[in-house]
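The values are calculated or read from the model by the stated rules, or taken from the named source; none is laboratory data. Note that the coordinates shown come from a computational prediction; the quantities given were computed from them, not determined experimentally. Note: ideal-geometry Cβ built from the backbone for every residue, glycine included; neighbour counts use all protein chains shown. What goes into the accessible areas is simple: the full protein's heavy atoms, side chains included, and nothing from ligands, DNA or RNA. Shrake-Rupley method; radii C 1.70, N 1.55, O 1.52, S 1.80 Å.
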Amino acid sequence: MSSKDQQPDEAWRIRCCELADRLVAPLRATAREHGYALAVHGSLARDIDLIAVPWRWSGVSPPRVLAEAIQARAAELNDGMAYEKDHEGAANPDYFFNGCPGAKPQGRLVWAFHLGGGPYIDLAVMPANEDP
């Protein structure tokens, strides 16, 4: 995909779907271990859009802990490749490391994990509320 072409080419879309087929089920299991439900919420044309939602009353990991677990599991399943491109060398690396707080509505935090060229994981995490 070139910088002039805003639509991914067919090879990119195929690779995105292949990665999603391999990664999503194990990443859901990882999210569940941390107290979250994980869902695909995009078209899988450009990236793998995932949303994690707290799913139990207690024992829910902080968003960054979940993001690190998702990144580690994705790397394990993708020949060691899943990295935060914007974290290293960014003007404000802590902003990226902490999920870009304030950048998305409703307190949603976001991380992008690059998978070695081509499609990437775009993870959005809804923080847990206080226990009732």
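Inspect all residues belonging to segment 95-102 and state whether any of them is closer than 25 Å to GLY35 by Cβ and modelled with pLDDT of 80 or more. For segment 95-102, residues closer than 25 Å to GLY35 by Cβ and modelled with pLDDT of 80 or more: present. A single entry from ARG15, ARG64, ARG56, ARG22 fulfils the requirement of being exposed (fewer than 14 other Cβ atoms within 10 Å of the Cβ) and outside any loop (DSSP other than H, G, I, E, B): ARG22. What do you reckon, is ARG32 surrounded by fewer than 16 Cβ atoms within 10 Å (Cβ to Cβ) and farther than 18 Å from PRO119 by Cβ? It is true that ARG32 is surrounded by fewer than 16 Cβ atoms within 10 Å (Cβ to Cβ) and farther than 18 Å from PRO119 by Cβ. Close Cβ contacts (under 8 Å, 6 or more residues apart or on different chains) running from residues in segment 7-35 that are closer than 18 Å to ASP79 by Cα to residues that are open to solvent by 70 Å² or more (accessible area, probe 1.4 Å) and not polar (S, T, N, Q) comprise CYS16/ARG46.
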